Amino acid sequence: MNILVCLKQTFDTEERIVIENGKIKEDGVKFVINPYDEYAVEEAIRLRDDLGGQVTVITVGPERAEEALRTALAMGADEAILADDPALFGDEYTAAKVLAAIVKQREFDLIIAGNQAVDDGSGQVAVRLAEELGIPHVSTLTKLEVNGNQVVAHRDAEGDEEIVEASLPLLVTAQQGLNEPRYPSLIGIRKANKKPLTKVTLADLGLSLEDIEARTEITETFLPAPKTAGQILSGDLADQVKELVSALKTKDKVVG
Amino acid sequence: MNFEFSSEQQMIRNMVREFAEAEIAPKAAELDRNARFPIEIFDKMGKLGLMGLPIPEAYGGAGADMISYCLALEEIGRACAGTGLSYEAHVSLACVPLLLYGTEEQKQKYLVPLASGEGIGSFGLTEPGAGSDAGGTRTTAVLDGDSWVINGNKIFITNGGYAKTVVLTAVTDPATRGISAFIVPTDTPGFSTSKPYEKMGMRASNTVELILENVRIPEENLLGPLNAGFKQFLSTLDGGRVAIAALAVGIAQSAFETALSYAKQRTQFGQSISKFQAIQHKLADMAMHIDLARTAVLKAAWRKDQGLPYTLEASYAKLFASEICTETCTQAIQILGGNGYMKEYPVERNLRDAKLIEIGEGTSEIQRLVIARQLGC
Ligand SMILES: Cc1cc2nc3c(=O)[nH]c(=O)nc-3n(C[C@H](O)[C@H](O)[C@H](O)COP(=O)(O)OP(=O)(O)OC[C@H]3O[C@@H](n4cnc5c(N)ncnc54)[C@H](O)[C@@H]3O)c2cc1C
């Protein structure tokens, strides 16, 4: 069973976001494997251990993302691909195109990705990739069973559980609760640097800049307004309700 | 000069930090309160390969370097100092002498289980009459046929109550005060331990007395050359000193982090106390001391990894890190005021834990003596 895992290196969720000159400041920040992608890596390793085969982890991202790939290798993945050519960077559309080009160059039975990245939170790349490849996808999995060519996927459907049957080849995305990702072991870490990591460029993938040009543009980046002190209503309950409704309408404009 | 960690060192530190924050730190207050040895944490550490971190793979370890080991110890110490102390004693004081002086057979039989996390190791040097002065050792080992018979008492022994194997010293030639080292499996008849000491700090660490009454071990359990046990342990202690200094850095870091975040959110006289210069100076000194102590630890570790002499650097690191650690914890309590004195906050525990590092593995006085001797005094 050949499993490909798409992962992104993101800010550690505990990091404070600082904006400088309209950009999110990156120096001194700790980067981690996007938590949803960590579930994907763990699931792939478990399936590989049960069914045999290979786990290949793939990322589109800057050079520093090698650390995330090495961590996935230390957890137990077999091979890594890093698309760190800046010509390959753009938006979700671009990322899906680039990943599709990488995936088309190899054999696979199953692709696992995270449900979303905790930084941009768009939740688009994996499903776009399935579309690019013309394969079915099942998103937000909390449980995955593979029997031969058949897959039973339990998905988190807004708090309910939906059970979906599908057949390989397939793309699935991981939701929190799919598994408990392992810590990489010391031996795993020591082996990680010796496992193959291939870097790919625009030319390697046979892509042109027009093929992958971003379809969206970030026009402004800003932090949410700082929290201000709350207001405690007092007096008669009926008056409090009136005051609240009017504040919601006029002050915060959350109800029309 | 290059102050950058390798990607492997970085990954090891990240892994241990995540593990320590998730699996150790949440338990630290309870372990301290109940003086409970966290055997379940050691099981998990064994599975991750931490118990043999700097021991070669051929002997059950992970084969990482001294720098990685120090980074790991700092992270564990930052989460729970007592757990860190027991870990350090297992690796530096039990595994390392087996690696350095054991025969191939001894390594396979005794080091592999310890380094692979199957059992915990312990090291017995201190006795009622032999603290700073190992020359006062009274425990004896007498060769009887093809076995050694050991009699005596060891005190203040870390991990003694949980150990599978103890490495200990005994007098083998009373005439010349010759001391040798031995490998003693703790299931040998005649070997027993006292109930754990009631300690001021490092309460998650198990500390007991070892009682040896006609403990009979095979002749081949002599570790290293006969009558050279004393010298042998001096070099073991060099590595241990660097490691325990890394533990001190971790404790200091923890106290500093608590103090810094407290100072930023505590308001008095209408402003955050972190705006008062008196508090700022304390925080500045703490941050500087920790950084310098960490640098001293890593320099000593780097010299060891390079195969260079590091006795002097080991003592610098141990002495400086342990003293600034106690000082940092005291100042952290001061910054927290009354809260700092309460068990609800971790800094009083940090201080109680810190003090041990000025005593164990060579007191501050002994470190100054070692340094002065290296200076040719
Ligand atoms: C929690 C804990 C865990 C321990 N774990 C272990 C262990 O696993 N294995 C083990 O073998 N031991 C262990 N020890 C023992 C520890 O190593 C000794 O306590 C330490 O070496 C000091 O010896 P001592 O207590 O006998 O003090 P002493 O040697 O009696 O020292 C008392 C004081 O005299 C000073 N002093 C002594 N000699 C000189 C000198 N020449 N010049 C100037 N000042 C001097 C000392 O610095 C100290 O201030 C542990 C101790 C503790 C508290």
Could you give the dipole magnitude of the protein assembly as shown about its Cα centre, charging the beta-carbon of Lys and Arg +1 and that of Asp and Glu -1, in debye to the nearest 20? 2140
Quantify how strongly other chains surround peptide B:8-21 by giving the mean number of their Cβ atoms within 10 Å of each of its Cβ atoms. 4
Please give the Cα centre distance for segment B:7-31 versus segment A:38-96, rounded to the nearest Å. 24
Say the dipole of segment B:70-202 comes from +1 at the beta carbon of Lys and Arg and -1 at that of Asp and Glu; which of B:LEU99, B:GLY124, B:SER147 then lies farthest toward its positive end? B:GLY124
Translational D (Stokes-Einstein, µm²/s) of segment A:97-235 at 4 °C and 1.567 mPa s when Rh comes from the Kirkwood sum over C-alpha pairs? 69
Averaged over B:41-48, how many beta carbons belonging to a partner chain fall within 10 Å of each residue's beta carbon? 2
Using alpha carbon centers only, segment B:313-377 is separated from segment A:226-252 by a whole-angstrom value of 54
Kirkwood Rh over Cα pairs of chain B into Stokes-Einstein at 4 °C, 1.567 mPa s: D in µm²/s? 62
Could you state the orientation-averaged shadow area of the convex hull built on the Cα atoms of segment A:2-200, in nm² to one decimal? 11.4
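Could you state the orientation-averaged shadow area of the convex hull built on the Cα atoms of the protein assembly as shown, in nm² to one decimal?
Numbers: hull surface 149.4 nm².
Over every viewing direction, the Cα hull of the protein assembly as shown projects on average to 37.3 nm².
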Where the centre of each part is set by its Cα atoms, how far does segment B:102-119 sit from segment A:1-26, in angstrom? 43
Nearest 10, in degrees from 0 to 90: the angle of helix A:237-246 to the longest Cα principal axis of chain A is 60
Residue farthest toward the positive end of the dipole of segment A:161-218, with Cβ of Lys/Arg at +1 and Asp/Glu at -1: which of A:THR173, A:TYR183, A:ILE218? A:TYR183
Calculate the tail of P(r) for segment B:264-353: the fraction of all Cα-Cα distances greater than 17 Å, expressed in %. 58
Using only alpha carbon positions, build the gyration tensor of segment B:56-164, then give the equivalent ellipsoid semi-axes as the square roots of 5 times its eigenvalues, largest first, whole angstrom. 26, 20, 11
Kindly express, to the nearest 10 degrees and within the range 0 to 90, the angle between helix B:364-374's C-alpha long axis and the longest C-alpha principal axis of chain B. 70
In degrees from 0 to 90, rounded to the nearest 10, what is the angle of the helix A:92-104 Cα long axis to the longest principal axis of chain A? 20
Candidate cut points under GluC sites (Glu not before Pro) in segment A:114-158, DSSP loop plus at most 16 other Cβ atoms within 10 Å of their own Cβ, are A:GLU158
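Every read-out reported here was derived from the displayed coordinates using simple, explicitly stated rules and does not represent laboratory data. Just so it is clear, the structure is predicted and the values come from calculations on it, not from any experiment. Don't worry about glycine lacking a Cβ; one is built from the backbone with ideal geometry, like all the others, and counts go over all protein chains shown.
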